[in-house]
1. Considering every residue within segment 110-121, establish whether at least one is touching a Ser or Thr at 6+ places or on another chain (Cβ under 6 Å) and at pLDDT 85 or above.
2. It is to be established whether one or more residues within segment 82-99 are within 19 Å of Gln148 (Cβ to Cβ), at pLDDT below 90 and in contact with a Ser or Thr (Cβ under 9 Å, 6 or more places away or on another chain).
3. Name the residue that is farthest from Ala16 (Cα to Cα), counting only residues in segment 89-102 that are part of a loop (DSSP other than H, G, I, E, B) and open to solvent by less than 70 Å² (accessible area, probe 1.4 Å).
4. Within the set of pairs 6+ apart or on separate chains, which have a first residue in segment 103-120 that is open to solvent by 70 Å² or more (accessible area, probe 1.4 Å), a second that is part of a helix (DSSP H, G or I), and C-beta atoms under 7 Å apart?
5. How many residues are at pLDDT below 85 and open to solvent by 20 Å² or more (accessible area, probe 1.4 Å) if we restrict to segment 157-174?
6. How many residues are at pLDDT below 85, open to solvent by 50 Å² or more (accessible area, probe 1.4 Å) and either in contact with a helix residue (DSSP H, G or I) (Cβ under 8 Å, 6 or more places away or on another chain) or within 14 Å of Ile154 (Cβ to Cβ) (or both) when one looks only at segment 2-45?
7. If the requirement is being touching a Phe, Trp or Tyr at 6+ places or on another chain (Cβ under 6 Å) and either over 26 Å from Asp136 (Cα atoms) or assigned to a loop (DSSP other than H, G, I, E, B) (or both), which of these qualifies: Ser21, Ser40?
8. I'm trying to understand the selection: among the residues of segment 77-88, which are among the small types (Gly, Ala, Ser) and either open to solvent by 10 Å² or more (accessible area, probe 1.4 Å) or farther than 16 Å from Ile129 by Cβ (or both)?
Amino acid sequence: CNGKYCLTIACTGIDARIAESVHDFGASPMLSGRGSYLASVAANFLFRKIGRKWRVTLDDEVVEDEFALVSMCNGRYYGGGMEIAPAQDRLNPDHTVSVVVMHCASKLKTLAVFPSIFKGEHVKHDEMITVLTGHDIRVEFDRPTALQIDGETISGVRGYHVRSAAEAAQEAVI
């Protein structure tokens with residue numbers, strides 16, 4: 001992913017922004033680790049725009065829309081047990097990566113659906129959640145945003161590129 005190895009997840013959107021700002025709240029002696037996370041969730045949902053305009057290219061398919069979250073998943077879990085991609089099998093014979101897209105909705109609807117990620121039940125909200133699979137994924141943003149790669153946050157990213165391990169290995173052999 002953008003020249004960095006990504007073993008499990010590369011994500012952007014509300015989840016990456018929460019991870020980016022949780023450190024601001026962590027400096028407060030009044031908040032624990034969980035308290036910092038909850039304060040970051042509240043600040044991002046209440047005071048910031050949820051969606052951003054993105055272009056997602058999955059193999060040869062292009063999807064452009066306002067999204068609240070886009071996650072490339074080689075594994076099923078991230079962020080302390082969130083089951084973001086319940087059907088993803090990192091050993092799948094097609095060697096595909098799951099791409100979980102949360103389309104924009106109202107803040108209230110997004111806030112109502114977001115906690116269901118912890119149990120993998122968000123995928124039942126097919127009016128908001130789309131799960132795609134592919135080998136070569138590019139994401140481009142209308143302005144710089146946070147990118148989270150396996151728990152590490154990179155600020156100010158304008159786009160990124162993820163390839164499945166099989167795709168990268170094929171390219172290395174050619």
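The values are calculated or read from the model by the stated rules, or taken from the named source; none is laboratory data. Fair warning: this is a prediction, and the values are worked out from it, not measured in the lab. Here the Cβ is made from the backbone with ideal geometry for all residues, glycine too, and neighbour counts use every protein chain on show. The area values use the complete protein model at the heavy-atom level, side chains included, leaving out ligands, DNA and RNA. Shrake-Rupley method; radii C 1.70, N 1.55, O 1.52, S 1.80 Å.
1. The answer is no, given that none of the residues of segment 110-121 is touching a Ser or Thr at 6+ places or on another chain (Cβ under 6 Å) and at pLDDT 85 or above.
2. Within segment 82-99, one or more residues are within 19 Å of Gln148 (Cβ to Cβ), at pLDDT below 90 and in contact with a Ser or Thr (Cβ under 9 Å, 6 or more places away or on another chain).
3. Asn92
4. Note: pairs meeting the criteria are Lys107/Phe45; Leu111/Phe45.
5. Residues meeting the conditions: 10.
6. Matching residues across segment 2-45 total 10.
7. Ser40
8. Hits for segment 77-88 are Gly79, Gly80, Gly81, Ala87.
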